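Quick notes on the structure that follows.
The values are calculated or read from the model by the stated rules, or taken from the named source; none is laboratory data. Bear in mind the structure is a predicted one, so any value in this text is a computation, not a measurement. Counting neighbours? That spans all protein chains shown, and the Cβs are built from the backbone with ideal geometry, glycine included. Ligands, DNA and RNA are stripped out before the accessible areas are found, and what is left, the full protein with its side chains, is counted by its heavy atoms. Shrake-Rupley method; radii C 1.70, N 1.55, O 1.52, S 1.80 Å.
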Amino acid sequence: MNALQIRQFGAPETLELVTRAPPVVGAGMALVRVEAASINPSDVKNVAGAMKQTTLPRIPGRDYAGVVEQGPADWVGAEVWGSGGDVGFTRDGTHASHIEVPVVSLRRKPETLSLPEAASVGVNFITAWSGVVEAAQVKAGETLLIIGAGGGVGGAAAQIAHHVGARVIGADRHAPRPDAPIHRLAEHQIIGAEDLPAAVRTATDGKGADVVFDTVGGVMFRTALDCLALRGRLIEISTTGQREVTFNLADFYHNESRLFGVDSLKRDLTASASILEALAPGFEAGVYRPAPIAETVSLQQAREGYRRVADGIAGRVVITPNVGGAA
């Protein structure tokens, strides 16, 4: 099989194109021909050596969509999708022509999605679901503020929250791209506010947000905390700019605030499959839409695709491992 491989950590250009024998499928496992696999920012960080759990050599990549080639008879030939926090880190990942996965992690992709679209759902929607539904348990009628609403996770969180009947407010330093979901889902968008907590309270009649989903973290943590309503919940998924933060503990407990950390890396292929199964009806019904695909690349072009993700391209970059010739 053909694959990208991390042999030593570094820039995207250090990724190697290799040919190796496909995995020997063991009991309880299936072999999937990968037709599409998106490149996530965490994949770029993985190549750079930022993920301490990663062992080398390693095939990177978390999200995929493809066709089952070997496994139980009722699965062979099925179009499936998947993602996992273990894939590409402690087990070989999806940026290859084939991947071996546990049979229990197999899920049929929604028929409404193409294979590249299905491959672009995983990390964004799994992170958003883990925060909005599992951690904060957002309810109909509540107000959700999304900091970084124009990004992939922010767009997914807006769709999930809107679907459960929550009121969505988006906040960004700059206006999101025109096709960002936040434009059609948010009751208010706050762009470049110098005093975000004040702007949020103006938009909520002085109350604040019941839940803040902070996709930025780090430098935005204190600001996000100050946006909370009484007994509000704050979801943190990142540490942009700084890993250590400070806040007024008295204000925190007087407000009876709640703080949740969400790490999609803690959900392996099987745990992620359960979330994708819960999301599937929304995609089938057209309620959820994957992030727009900005570019599709072959394995031979994948290093440039990694570079584009590292440079902050808007939209998803998707690898098609079985298109473009031998590696």
Averaged per residue, what accessible area in Å² does region 191-327 show with a 1.4 Å probe, protein chains only? 49 Å²
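Taking Rh as the Kirkwood radius, which is the inverse of the mean 1/r over Cα pairs, what is the Rg/Rh value for region 63-132?
With Rg and the Kirkwood Rh in hand, the quotient comes to 0.95.
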Report the extension gain between Asp311 and Arg108 in nm, rounded to one decimal, defined as 0.36 nm multiplied by the number of residues separating them, less their alpha carbon distance. 69.8 nm
In square angstrom, rounded to the nearest 10, how much accessible surface does Trp75 have for a 1.4 Å probe? 40 Å²
Please give the helix 152-163 orientation as an angle from the longest Cα principal axis of the chain, in degrees from 0 to 90, rounded to the nearest 10. 70 degrees
DSSP-defined beta bridges in the chain - what % are antiparallel, rounded to 5: 50 percent
Quick one: Cα centre-to-centre distance for region 193-251 and region 71-144, in angstrom? 29 Å
Counting only DSSP beta bridges fully inside region 156-255, the antiparallel percentage to nearest 5 is 10 percent
In whole percent, what relative contact order does the chain give with Cα contacts below 8 Å and a gap of six or more residues? 20 percent
Would you list which lysines come within 26 Å of Lys52, measuring only between C-alpha atoms, while excluding same-chain residues fewer than 8 positions from it? Lys266
With every protein chain kept in place and a 1.4 Å probe, the residues Phe247, Phe283 fall, from largest accessible area down, as Phe247, Phe283
Just how large is the dipole of the chain about the Cα centre, in debye to the nearest 20, putting +1 at every Lys and Arg Cβ and -1 at every Asp and Glu Cβ? 280 debye
Taking the Cα atoms only, what angle lies between the long axis of helix 269-284 and the longest principal axis of the chain, rounded to 10 degrees? 70 degrees
Alpha-carbon centroids, region 255-293 and region 23-63: separation in whole Å: 19 Å
If I model a spin label as a point 7 Å beyond the Cα along the Cα-Cβ vector, how far apart are those points for Val323 and Ser298 in nm? 1.1 nm
Just from its helices, what would the mean residue ellipticity at 222 nm be for the chain, if runs of 4 or more DSSP H residues each count -39500 (n - 2.57) and the sum is divided by every residue, rounded to the nearest 500 deg cm²/dmol? -7000 deg cm²/dmol
Rounded to the nearest 10 Å², what accessible area does Val133 have for a 1.4 Å probe in the complete protein model? 50 Å²
Length-normalised contact order of region 46-150 in % [C-alpha pairs under 8 Å, at least 6 apart]: 27 percent
With every protein chain left in place and a probe of 1.4 Å, what is the accessible surface of His163, to the nearest 10 Å²? 100 Å²
Tell me the carbon and sulfur percent of the accessible area for region 185-252, rounded to whole percent, probe radius 1.4 Å. 47 percent
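Provide Lys139, Lys109 ordered by accessible surface of protein heavy atoms (probe 1.4 Å), highest first. Each step should come with its number before you reach the end.
Values: Lys139 110, Lys109 25 Å².
Largest accessible area first, the list is Lys139, Lys109.
Multiply the residue gap between Val25 and Thr246 by 0.36 nm, knock off their C-alpha separation, and tell me the result in nm, one decimal place.
Answer, rounded to one decimal: 74.6 nm.
With a 1.4 Å probe and every protein chain kept in, tell me what percent of the accessible surface of region 24-94 is carbon plus sulfur.
Carbon and sulfur atoms account for 55 percent of the accessible area of region 24-94.
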Give, in whole angstrom and from largest to smallest, the semi-axes √(5λ) of the equivalent ellipsoid of region 217-327, with λ running over the eigenvalues of the Cα gyration tensor. 37, 20, 13
Beyond 16 Å, how much of the Cα-Cα pair distribution for region 1-85 remains, as a whole percent? 58 percent
